[in-house]
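S.K.: I am attaching a structure below and will ask some questions about it afterwards.
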């Protein structure tokens, strides 16, 4: 039973050593997982661990980081943690990082340069060992602060073309081409696109894949392209749906370039009485979990989220361990059906 004074003060390795009558070095070797190579018996290891638990010992992470130069933590910067894609991506990053013994500090930018700058500054001040981040349009100079620190870094989902840093993305252009060709194979000709008007390669590639495919089949019509401002997306998506519904030449299908645009678009299609797929077919980026419990048949482009998250961590750990090579991974995405 611990005394009142033992409960009050922070327990140190020396306290455990004094309790067991062994050296502080022995305690350190056991608790750092180095006992085997130093001929410490299994019995002693069990005693040390049991006593450490009884005394409520917690390692001094600050002291450890000062001695090793490592905090065993990495930073993750996403643009919208409420978005299922980024929520799932962060989950898989955290699970992979755990296997390497790392904790993850996650921050959110809301596509804002100011918040992106704050996130980078906070993580750098916390002396984390590396950063995985989703770029924000116009944020090259902010991201360069990470490079100047010579800190391991991996871009994910998007990338800054001029930045000398590894990245992991999907082939957004071909994913869009395949989506539009699928609709054309179903004999749809009046195919619209609703996409964020953001100058980031992931979104511009998706839009360009649509444009090039429609041009190749001589089906293009500027009235079918709806570019949405991120800041006013709710109202602009609502208006886009109304415009497409009222187009004098019937719109047969809509390609939604992102999950958030799709969810908002579906809401206004329902409010406007547009039946899917009877009135209009739809196809979107990313699997929407809630669609699986409805009777709405939806084709979607499934990104390999788990693979992307795990590869990002693997790549970052390689850099933390000394690999200086800049690497790019471009994964394929698959078209799937919700029902």
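S.K.: Would a scan of region 313-323 turn up a residue that is outside any helix (DSSP H, G or I) and within 16 Å of the chain's Cα centre (by Cα)? Before you say what the answer is, go through the steps one by one.
M.R.: First pass over region 313-323, keeping only residues outside any helix (DSSP H, G or I): 321-323.
Checking which are within 16 Å of the chain's Cα centre (by Cα) leaves us with none.
No: region 313-323 contains no residue that is outside any helix (DSSP H, G or I) and within 16 Å of the chain's Cα centre (by Cα).
S.K.: Residues in region 209-232: is at least one touching a residue at least 40 places away in the same chain (Cβ under 8 Å) and either more than 30 Å from the chain's Cα centre (by Cα) or assigned to a loop (DSSP other than H, G, I, E, B) (or both)? Steps first, please.
M.R.: Going residue by residue through region 209-232, those that are touching a residue at least 40 places away in the same chain (Cβ under 8 Å) are 210, 230.
When the remaining residues are screened for being either more than 30 Å from the chain's Cα centre (by Cα) or assigned to a loop (DSSP other than H, G, I, E, B) (or both), the result is none.
So far as region 209-232 goes, no, none of its residues is touching a residue at least 40 places away in the same chain (Cβ under 8 Å) and either more than 30 Å from the chain's Cα centre (by Cα) or assigned to a loop (DSSP other than H, G, I, E, B) (or both).
S.K.: List the helices (runs of 4 or more DSSP H) inside region 85-198, counting only whole elements, that have at least 2 residues being under 16 Å from the mean Cα position of the chain (by Cα) and under 25 Å from residue 285 (Cβ atoms). I'd like the intermediate steps shown before the answer.
M.R.: On the way: elements: 113-125, 140-148, 172-185.
Output list reads 113-125.
S.K.: Just wondering, is there one or more residues in region 248-256 that are in contact with a strand residue (DSSP E or B) (Cβ under 6 Å, 6 or more places away or on another chain), in a helix (DSSP H, G or I) and in contact (Cβ under 8 Å) with a residue 40 or more places away in the chain?
M.R.: The answer is no, given that none of the residues of region 248-256 is in contact with a strand residue (DSSP E or B) (Cβ under 6 Å, 6 or more places away or on another chain), in a helix (DSSP H, G or I) and in contact (Cβ under 8 Å) with a residue 40 or more places away in the chain.
S.K.: Against the condition on the phi < 0 side of the Ramachandran plot, at pLDDT below 95 and in contact with a helix residue (DSSP H, G or I) (Cβ under 6 Å, 6 or more places away or on another chain), how does residue 228 come out, does it pass?
M.R.: Numbers: on the phi < 0 side of the Ramachandran plot: yes; at pLDDT below 95: yes; in contact with a helix residue (DSSP H, G or I) (Cβ under 6 Å, 6 or more places away or on another chain): yes.
Taking the combined requirement at face value, the residue satisfies it.
S.K.: Tell me yes or no: at least one residue of region 79-93 is at pLDDT below 95, buried (at least 20 other Cβ atoms within 10 Å of the Cβ) and farther than 25 Å from residue 231 by Cα.
M.R.: no
S.K.: Just to be sure before I move on: is residue 276 over 28 Å from the mean Cα position of the chain (by Cα) and either at pLDDT below 95 or part of a helix (DSSP H, G or I) (or both) in the structure I sent? It would help to see each step written out before you state the result.
M.R.: Values: over 28 Å from the mean Cα position of the chain (by Cα): yes; either at pLDDT below 95 or part of a helix (DSSP H, G or I) (or both): yes.
Taking the combined requirement at face value, the residue satisfies it.
S.K.: Here's something else I'd like to know. Can you confirm whether region 80-90 contains a residue that is in contact (Cβ under 8 Å) with a residue 12 or more places away in the chain and out of contact with any helix residue (DSSP H, G or I) (no Cβ under 7 Å at 6 or more places or on another chain)? Outline the logic, then answer.
M.R.: Going residue by residue through region 80-90, those that are in contact (Cβ under 8 Å) with a residue 12 or more places away in the chain are 80-81, 83-86, 88-90.
Within this subset, residues satisfying the condition of being out of contact with any helix residue (DSSP H, G or I) (no Cβ under 7 Å at 6 or more places or on another chain) are 86, 90.
Yes.
S.K.: Quick check on region 284-293. Is at least one of its residues surrounded by 13 or more Cβ atoms within 10 Å (Cβ to Cβ), in the same structural domain as residue 210 (by TED's automatic domain parsing) and either part of a strand (DSSP E or B) or at pLDDT 90 or above (or both)? Show your work before the answer.
M.R.: First, the residues of region 284-293 that are surrounded by 13 or more Cβ atoms within 10 Å (Cβ to Cβ): 284-288, 291.
So of that shortlist, the ones also in the same structural domain as residue 210 (by TED's automatic domain parsing) come out as 284-288, 291.
Next cut, either part of a strand (DSSP E or B) or at pLDDT 90 or above (or both) only: 284-285.
Yes: region 284-293 contains one or more residues that are surrounded by 13 or more Cβ atoms within 10 Å (Cβ to Cβ), in the same structural domain as residue 210 (by TED's automatic domain parsing) and either part of a strand (DSSP E or B) or at pLDDT 90 or above (or both).
The values are calculated or read from the model by the stated rules, or taken from the named source; none is laboratory data. This one's a predicted model, so the numbers in the text were calculated from it and none came from an experiment. Heads up, the Cβs are rebuilt from the backbone with ideal geometry, glycines too, and the neighbour counts pull from every protein chain shown.
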